[in-house]
Amino acid sequence: MINLNYFNFCAMGIMLVLVITAMVRRMLRGRRNRYFWNLLLVVTCSALFEILVVILDNTYEASVTQKYIVHCCYLIMHSLSVPVYVLYLACLTDSLYRLRDNLAVQLVLAAPFAGLMICIVLSPVYHIIFYFDSLNRYTKGPCYFLLYAAAAFYIALAVIHVLRQRRLFAKGQMFVVLAILPVVAAALWVQVTYPMIRVEMFVWALGLLFLLLMVQKPEERTDPVTGFGKQGAYVTDIGQALGNEKPVHIILINILNYKALRDILGYQSMQSLLGIVSEKIMKLCREQLPKADPYYLEGGRFCLVTGKENFHRTDGAARALNGMLKDVIYLQDMDINLQVNLCILHCPEDLCDFQSIYAFSNEFEEYEKTGKVLYAEEILKDGRYIIKDLEGIIDNAVHNQGLTVYYQPIYSVEKGKYVSAEALIRLNDEEYGHISPELFIPVAEKNGVIHQIGIYVLEEVCKFIASREFQELGMEYIEVNLSVAQCMRNNLASEIIAILHKYQVRPDQINLEITETAIADSQNIMSENIRLLKEEGLSFSLDDFGTGYSNIRRVATLPLNIVKLDKTFTDLETNPKLDIVVRNTVRMVKDMDMKIVVEGIETENLVRYFSDLKCEYIQGYYFSKPLSREEFVCFVGQANKG
Ligand code: C2E
Ligand code: MG
Ligand code: MG
């Protein structure tokens, strides 16, 4: 008698493993996990009731009532498995929200299941689906086929849904979610044809194991410390919401003093702190923002994503969170104060493309520190920050002459005239006007357009250098910025050399500016590019010195000609101690045999101060803002003449 249950016992074993894995991997939060747990629950209950069914059917002492109850429970759970799987699939592509306001479709989709449930529950009286005959034997009723009809309906629904939404599934996942259906159908057929081989629940359990490994992927999607979705999950989920045109509210939570706390507390305590913070966020979510999806985006950045059902609660919840996170946290005999920035982002109203949302989520800490809940709408209106569809704007500018190169003169203290200039890219968009390179260069770096921009700038600069008007100005060289991504390109050197040859520009007429970050990050390939270009005769400047990693050892080992002191060094009036830093930095750079360009000089006092320190070159608004090529020729022509 027990033989019949062998497969069900195996199914229960697998389900136990799945439940333990899901708990240990902290797959307890977020929509996807919720729907996966529903599946786990339904399949486990089905297997359990099937075991009971088999046991009771073979127990002579069991009463008919007992049998009816257990059979009904089994059939209900069993019939639930495919519809719950369909819901899980809809949740995978975040398409459920479409049904929320559509009662008619909801009714049509639920009708077969509801009808079946009524038939099952009424079976003990009307013998519709099953009954026990006079000899107490389980017998199929006249409408037993409805069980299969309903399952077939939902399997068809699942297939249609997956095929229609195939672009929203990650690579390979579509195959996994579809493959489960025919296998389950085949198992059902086996079980019906050979009632002694009860494999259906076993196959479901294997299917769920497969889903856990291939789709749920807790190690990839779930942060083990907070139990929140990881950055990758955020990327996928927001992409799906946008793909489905689903409106969402995103609450971004940023712990501003994260790095400082991590340095003080160390790794273990920081993990504990993150655990406490995530618990606090979750507690408030349960009370005020049910069903919001929580994510942890690393670096002390959390976010909550919620659909329409919570829109009326987002503001209140964000305010409550803002207040709650400022409460002192008691950890290992320490009182810890978090500095938190919180911002509400409405999608698609505020930002509607993924790149901008992602950039905003990552960089929003730089925006404002008011202590109040911020609204992305306000920040974006400011114009200094992210702009909608920046990628599209850059693309448009690259293809439709929206880019120009400006030149900012660089003054030689020794020669008392302008000897060089820095080429600075300008992007002008029809709708948004001038967009700062500080905004669009990072985006262009991420999507690779920076290479096109870099080539454009270098070509423009070379055309200028090759022109008669440039030769008449008597300038020595032009400085061209190289971004981090450009420095990582392995054929950078040959590309640059080819452009120089094309316009017959001498290598000593170009000086390439690289940043400290680039130096620290790209190492080998960077050094190789510098070596090749250096061999060709180009020179290098270190841009923004003093802002980045300040990896002085590497600065000393790279063949740099010029160090550009960042504008932050010019803040001498508000910070008198900076004088000591500046004097020593200048001395150190000079001792290393490099020249200095001071950037961002706006006042005469500063010009005098840095001239007295024997800094070779000065660049800044005091002399001139970046100018168009024509303005530059005019300005330098006049100034150098006088
Ligand atoms: P950077 O290379 O450090 O350029 C200097 C920035 O300081 C420029 O900003 C310039 O307009 C600004 N500046 C110059 N003098 C003063 C001053 O006296 N006061 C103040 N407050 N600012 C001053 P811009 O043009 O907005 O460029 C920002 C950054 O964008 C640049 O910083 C550079 O990192 C990047 N960038 C600009 N053009 C290019 C380019 O063609 N390629 C690459 N890869 N990056 C570029
Ligand atoms: Mg520069
Ligand atoms: Mg600079």
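Structural remarks
- Scanning region 543-591 for residues that are hydroxyl-bearing (Ser, Thr, Tyr) and within 16 Å of ligand 2 (Cβ to nearest atom) returns 547, 568, 570.
- Per this entry, residue 483 is counted among residues that are among the hydroxyl-bearing types (Ser, Thr, Tyr), within 16 Å of ligand 2 (Cβ to nearest atom), in the same structural domain as residue 403 (by TED's automatic domain parsing) and within 29 Å of residue 412 (Cβ to Cβ).
- Those residues of region 406-420 which are away from ligand 2 (no atom under 13 Å from the Cβ) and crowded, with 19+ Cβ neighbours inside 10 Å, in sequence order: 409, 411, 418, 419
- Residue list for region 193-239, restricted to those being open to solvent by less than 10 Å² (accessible area, probe 1.4 Å), more than 17 Å from the chain's Cα centre (by Cα) and of a type in the set (Phe, Trp, Tyr): 204
- Among the residues of region 283-299, those that are touching a residue at least 60 places away in the same chain (Cβ under 8 Å) and open to solvent by 20 Å² or more (accessible area, probe 1.4 Å) comprise 291, 298.
- Listed by first and then second residue, the pairs with beta-carbon distance under 6 Å, at least 6 apart or on different chains, first residue in region 192-214 and assigned by TED's automatic domain parsing to the domain that holds residue 36, second of a type in the set (Asp, Glu) and not in a helix (DSSP H, G or I), form an empty list.
- Selection from region 389-401 of residues that are open to solvent by 20 Å² or more (accessible area, probe 1.4 Å) and assigned to a helix (DSSP H, G or I): 391, 392, 395, 396, 398, 399
- Strands (runs of 3 or more DSSP E) contained in region 214-312 and holding at least 2 residues touching a Lys or Arg at 6+ places or on another chain (Cβ under 8 Å): 248-255, 293-296
- Residues located in region 324-333, provided they are open to solvent by 10 Å² or more (accessible area, probe 1.4 Å) and in contact with a Leu (Cβ under 8 Å, 6 or more places away or on another chain): 324, 326, 331
- Enumeration of residues in region 20-50 that are open to solvent by less than 30 Å² (accessible area, probe 1.4 Å) and either in contact with a strand residue (DSSP E or B) (Cβ under 8 Å, 6 or more places away or on another chain) or closer than 13 Å to residue 221 by Cβ (or both): 22, 27, 30, 32, 33, 36
- Scanning region 600-634 for residues that are of a type in the set (A, V, I, L, M) and more than 16 Å from ligand 2 (Cβ to nearest atom) turns up 606, 607, 613, 633.
- Only one of 423, 444 that is crowded, with 17+ Cβ neighbours inside 10 Å, on the phi < 0 side of the Ramachandran plot and more than 16 Å from ligand 3 (Cβ to nearest atom): 444
- Screening the candidates 511, 561 for the property of being more than 14 Å from ligand 1 (Cβ to nearest atom) and closer than 28 Å to residue 607 by Cβ yields one hit, 561.
- Selected residue (only one of 567, 534, 614 is within 16 Å of ligand 3 (Cβ to nearest atom), open to solvent by 20 Å² or more (accessible area, probe 1.4 Å) and among the basic types (Lys, Arg)): 567
- Among strands (runs of 3 or more DSSP E) entirely within region 402-495, having at least 2 residues that are touching a residue at least 60 places away in the same chain (Cβ under 8 Å) singles out 403-412, 417-429, 477-481.
- Count of region 353-374 residues which are at pLDDT below 85 and open to solvent by 40 Å² or more (accessible area, probe 1.4 Å): 9
Okay, residues lined up against (1) open to solvent by 40 Å² or more (accessible area, probe 1.4 Å); (2) in a helix (DSSP H, G or I); (3) modelled with pLDDT under 85; (4) of a type in the set (D, E, K, R):
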residue: 540; (1), (2), (3), (4): no, no, no, no
residue: 550; (1), (2), (3), (4): yes, no, yes, no
residue: 573; (1), (2), (3), (4): yes, no, yes, yes
residue: 607; (1), (2), (3), (4): no, yes, no, no
residue: 630; (1), (2), (3), (4): yes, yes, no, yes
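- In region 474-488, residue farthest from the chain's Cα centre (by Cα) [restricted to those that are buried (at least 19 other Cβ atoms within 10 Å of the Cβ) and more than 16 Å from ligand 3 (Cβ to nearest atom)]: 475
- Matching residues, region 575-605, being hydroxyl-bearing (Ser, Thr, Tyr) and surrounded by fewer than 18 Cβ atoms within 10 Å (Cβ to Cβ): 603
The values are calculated or read from the model by the stated rules, or taken from the named source; none is laboratory data. Everything numeric in this text was worked out from a predicted model, so none of it was measured. Backbone-built Cβ (ideal geometry, glycine too); neighbour counts: all protein chains shown. Surface accessibility is based on the protein's heavy atoms, side chains included, excluding ligands, DNA and RNA. Shrake-Rupley method; radii C 1.70, N 1.55, O 1.52, S 1.80 Å.
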